[in-house]
Amino acid sequence: MAPLRCWRCLPPASGALLSIRRIAAITTISTSTFQPFSTSCARNAYGKGAGDSKPRKGVHRVGGKSSPPSKKKKGIPPRLKVAPGDRRAFRKRITLSNINALPVHLETLDSKAFSSEQSVGKILALGNETLDKLRRANAFKPTQSWNMFRKPSTLVRRETVNLCSKMEKNAQENKFLRCIISGERVAGKSMVVLQALAHAYANDWIVVNIPDGGYFLSVYMLYIDSLEAGETTDRRQTLGYDLVISHLDYAPIPNSNLWSLPTTIQGLLRQISGNSDLSKHKVVKSYPNLFPNQSPNLTLHGLANSGSSNDSWAVWQALWTELTEVPGRPPILMCLDGFAHVMRMSKYRTKQFEPIHAHDLALIKTFCDLMAGKMVPVQGGAVIGALSMSNQPMVKSVEYAVQYKEAQQVLQLPEEELPKREPYCREYDERVDEVLREAEILKVGGINKKEARAIMEYWAASGMYRHKVDERRVTETWSLGGHGIIGEMERASLRNSRI
Amino acid sequence: MAGETVLNRARKATHSFPAGIWLSRSTVNFNTHTPGVMILGVGFHEHKLVKKALMKFYALGPTTAARMMAKYSIHETQRVGQLPAKIVTSLTGELSTMTLENDAKRVIQDNIARLKDMNSYRGRRHAMHLPVRGQRTRNQTETVRKFNKLFRTR
């Protein structure tokens, strides 16, 4: 039998008081440790001992009496049970600070930092206010390595500045940016989305973030922070688990082919009202179906908050009308990570048991209308859809659109060399093609060596990377990380040295 | 009574049914303290998935359950406790029109009895508790002995 504890964990034999039981345990372990062979297979073949003729579970037994169940041993405390949802909550927890890491003094993000050319290659800390807003918008992911550093900070890379400066320019000209973010796995696509969100928050935009496209289609992925809902009584509710699988209800919207996700929309309305300063803006149009006696002092904040008591889809429509059709409002940013999930048939069914296309879910239709250019907010803004390479469904139209746009916009190939559709493939979806036709593409690839050096120096200054950061080390890590794929660089150096 | 098993209690509780027909063990609610949500006279715990609750009824499988859920826009992870009373009533109304439980078992029994009455090969095989569809009988006929009976109970 293998020892249950490693030898280093055992107490020192000299100079310490050992109880008889502990000595016995050590003796037992030591004798069994030096067995030159293993008898476990033979012992497990039939029950616990040689005299026990009870066959193992799963072994076919023909006739005969089964032996009585063995009595439970007394004196052994029952194993503590993990409450439902705790394991998942532990797995999905997001830790944004590590008190064991050294603090690093960095510039804090301001409204211009992400769009300025001078910031490329710098590490910027996220301010407390932005941090709270990003957390409420579920912008952080458990797979990102925030839990290794004292304070959330982020590398400003070329792609960040390209995107944020475009957003800024479009907003100044009241135009709307429609952008898809593609790139290799762990290249930092979600991080660029987070930076776009942070930039929008720093510039007082209205922000709607949908952290995962699978959120709508997979019934297991809805993650709404229940703290916002004021539910702090139950520990599990505080962790947000009870809201995870229980509220993805759907309902047909009368007089249309669309379907509403009432509770999801309520969650997003809460997110918008909590994160953006909507109380400065008053409601201009009248909505008699929502408010029979509409107060002239009703603000957008009040409108968004009424989603919990009113029909949430009607409130969403009213808020969206106010935000997109009334001039003088702040620009809008809508982000959706893993957007390939919402470009296919959903798992929902109509009353006739036919699958519902994801674009027929009303909330996703809003995203698609923005992306396709059917809806253009008067004050401008941006809609960003990021692909996810670690969890991506096969959607032929999305694959083709991304390939085509990369060849056209990134590689700038001539017309005749652009990829063609497979002529006999029937899996292309016209609705998806229409949505992606006019979108721009932002390819997130590897970082350059200057940026790599900046991030590695930050790791070293935080005490998380215990090597001298010089040219040789940077080049080595950059090469090991597939020419600067930042997630691979982390895996090759930072996470590799974790104790 | 001390030492009384759950199955024995089920047998006693259903002794008034015709010979050979019991309520399936799964649909009988023994927990009298918390009846939960009643669907077609059967109490389900409020944490039970609607899909699982529907499939507890004999002769109602995954396809029918999925269709019923789609009809009332119930998503896959919805729990019985989250159903509005109106939908519970509708589900009960719809289930009451279906051939379920003892009715469904009777249909199966009638079918087997018909085969036996016409003295067909399949009927005789049922009566002899032997495989009906040409399987060999040398080994592995335990399931057959359980199920292939003239008065089938399961």
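Residue separation of residue B:146 and residue B:124 scaled by 0.36 nm, minus their Cα-Cα distance, works out to 6.3 nm of gained length. With all pairs of separate Cα atoms included, the stretch A:449-494 yields a Kirkwood hydrodynamic radius of 10.0 Å.
Computed from the C-beta positions of residue A:466 and residue A:284 and an R0 of 45 Å, the FRET efficiency is 0.15 to the nearest 0.05.
With the alpha-carbon atoms of the stretch A:99-189 aligned to their principal axes, the span from lowest to highest coordinate is 45, 28, 26 Å, starting with the largest. Between the C-alpha center of the stretch A:393-427 and that of the stretch B:59-124 there is a gap of 48 Å.
What is the sum of charges around residue A:448, taking Lys and Arg as +1, Asp and Glu as -1, for the other residues whose C-beta is under 13 Å from the C-beta of residue A:448? Net charge in that neighbourhood comes out at +3.
For the stretch A:362-475, the solvent-accessible area of protein heavy atoms averages 52 Å² per residue (probe radius 1.4 Å; ligands and nucleic acids excluded). To the nearest 10, the accessible area of residue A:140 is 10 Å² with a 1.4 Å probe. Counting heavy atoms of the protein chains alone, residue A:345 has an accessible area of about 90 Å² for a 1.4 Å probe.
Can you check what the net charge comes to around residue A:295, using other residues whose Cβ is under 15 Å from the Cβ of residue A:295 (Lys, Arg +1; Asp, Glu -1)?
Values: positive: A:282, A:285; negative: A:322.
For residues surrounding residue A:295, the net value is +1.
Could you order B:63, A:160 by accessible surface area, starting with the largest, using a probe radius of 1.4 Å? Please list the in-between numbers first.
Values: B:63 90, A:160 0 Å².
Ranked from most to least accessible, the order is B:63, A:160.
For the full complex of protein chains and a 1.4 angstrom probe, list A:311, A:249 by accessible area with the highest value first. Provide the component values of the computation, followed by the final result.
Numbers: A:311 95, A:249 50 Å².
Final ranking, largest accessible area leading: A:311, A:249.
A loss of 30 Å² or more of accessible area (1.4 Å probe, protein heavy atoms, ligands and nucleic acids excluded) relative to the isolated chain is seen in these residues of the stretch B:70-106: B:70, B:71, B:73, B:75, B:76, B:77, B:82. Ranked from largest, the principal axis spans of the Cα set of the stretch A:170-444 equal 61, 45, 40 Å.
On the principal axes of its alpha-carbon atoms, the stretch A:316-443 has extents of 44, 43, 26 Å, going from largest to smallest. Rounded to a whole number, what % of the accessible area of the stretch A:170-444 do carbon and sulfur atoms account for, probe 1.4 Å? Answer for the stretch A:170-444 is 48 percent, counting heavy atoms of protein chains only. Overall, the anisotropy analysis places the stretch B:37-97 in the rounded class: the square-rooted eigenvalues a ≥ b ≥ c of its C-alpha gyration tensor yield a/c less than 1.5.
The B and A chains share an interface that buries close to 1200 Å² of accessible area, total over both sides, probe 1.4 Å.
Compute the length gained on full extension between residue A:321 and residue A:440: take 0.36 nm times their separation in residues and subtract their Cα-Cα distance, giving the result in nm to one decimal. The partial results should precede the final answer.
Details: separation 119, 0.36 × 119 = 42.84 nm, distance 2.52 nm.
Here the answer is 40.3 nm.
Label-to-label distance for residue B:139 and residue B:99 is 3.8 nm, based on points extended 7 Å past Cα in the beta-carbon direction.
Would you work out what percent of the accessible area of the stretch B:101-152, with all protein chains in place, is carbon or sulfur (probe 1.4 Å)?
On the way: 1730 of 3750 Å².
Looking at the stretch B:101-152 in its full context, I get 46 percent from C and S.
Cβ under 15 Å from residue A:261's Cβ, residue A:261 left aside: what net charge do those residues give with Lys, Arg +1 and Asp, Glu -1? With Lys, Arg at +1 and Asp, Glu at -1, the net is -1.
Computed from the C-beta positions of residue A:256 and residue A:147 and an R0 of 35 Å, the FRET efficiency is 0.20 to the nearest 0.05.
Computed from the Cβ-Cβ distance with R0 of 22 Å, the FRET efficiency linking residue A:108 to residue A:132 stands at 0.95.
Full extension of the chain between residue A:428 and residue A:457 yields a length gain of 5.8 nm, computed as 0.36 nm times the residue separation minus the alpha carbon distance.
Ordered from largest to smallest accessible area (heavy atoms of protein chains, 1.4 Å probe), the residues A:368, A:425 come out as A:425, A:368.
The values are calculated or read from the model by the stated rules, or taken from the named source; none is laboratory data. Note that this is a predicted model, so its numbers are computed, not measured. Here the Cβ is made from the backbone with ideal geometry for all residues, glycine too, and neighbour counts use every protein chain on show. Just so you know, the surface numbers come from the protein's heavy atoms only, side chains and all, with ligands and any DNA or RNA stripped out. Shrake-Rupley method; radii C 1.70, N 1.55, O 1.52, S 1.80 Å.
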